[in-house]
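Heads up, the thing below is written out as structure tokens.
The values are calculated or read from the model by the stated rules, or taken from the named source; none is laboratory data. These figures come from a predicted structure and were not determined experimentally. Neighbour counts run over all protein chains shown; Cβ positions are idealised from the backbone, glycine included. SASA here: full protein model, heavy atoms, side chains in, ligands and nucleic acids out. Shrake-Rupley method; radii C 1.70, N 1.55, O 1.52, S 1.80 Å.
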Amino acid sequence: FEVLSVLGEGGLGRVLRARRLADGAEVAPKLLHESIVPGSPDHQRFLREARVGQRLRSPHLVSTLDAFVDEGGRAVLVLELVRGPSLQA
């Protein structure tokens, strides 16, 4: 991935705007903070979100395109990039 910008950050992680090098598609990787210990309740919740997200399909939900654990043990969700205002706005 080529990171283009940071879209937001929360208690568990950071969401980026990135370009997938394989096909040039823009996506929104969600990276778990490095301070979250593998096996901890927060880590397990993040992985559960990944598993559930990959099974759900609806035009009303952001699609989970991929999920993996990087070389450093950090969990990553690759989400569909949805353009428009933030949910906060």
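List the GluC sites (Glu not before Pro) within the range 4-89 that DSSP assigns to loop and that have no more than 12 neighbouring Cβ atoms inside 10 Å. Let's see the in-between values first.
Working: sites: E9, E26, E34, E49, E71, E80; in loops: E34, E71.
Loop-located and lightly packed - E34, E71.
What list of ³J(HN,Hα) couplings, whole Hz, do you get for the range 56-72 from phi and the Karplus terms 6.51, -1.76, 1.60, once you set θ to phi - 60° and write x for glycine and proline?
8, 9, 6, x, 9, 10, 6, 6, 8, 8, 6, 8, 7, 10, 6, 4, x
Only sites in a loop by DSSP and with at most 16 other Cβ atoms within 10 Å count here; which trypsin sites (Lys or Arg not before Pro) in the range 55-89 make the cut?
Details: sites: R55, R57, R74, R83; in loops: R57, R74, R83.
Qualifying residues, ordered by number: R57, R83.
log₁₀ I(q)/I(0) of the chain at q = 0.19 Å⁻¹, via Debye over equal Cα point scatterers, no solvent, to two decimals?
-0.92
What are the residues whose amide H is under 5 Å from the amide H of G8, where those residues sit 5 or more places off or on another chain and H is modelled from the backbone?
Residues meeting the amide H criterion: V15.
Taking the solvent-accessible surface of protein heavy atoms with a 1.4 Å probe, what is the per residue accessible area of the chain in Å²?
On the way: 6040 Å² over 89 residues.
About 68 Å² of surface per residue is accessible.
For the chain, modelled as a GNM with alpha-carbon contacts under 10 angstrom, which of H60, H33, H43 fluctuates the most?
Checking each option, the largest mean-square fluctuation is seen for H60.
What percent does the relative contact order of the chain come to when contacts are Cα pairs within less than 8 Å and at least six residues apart?
Values: 139 pairs, mean separation 20.3, N = 89.
Relative contact order for the chain comes out at 23 percent.
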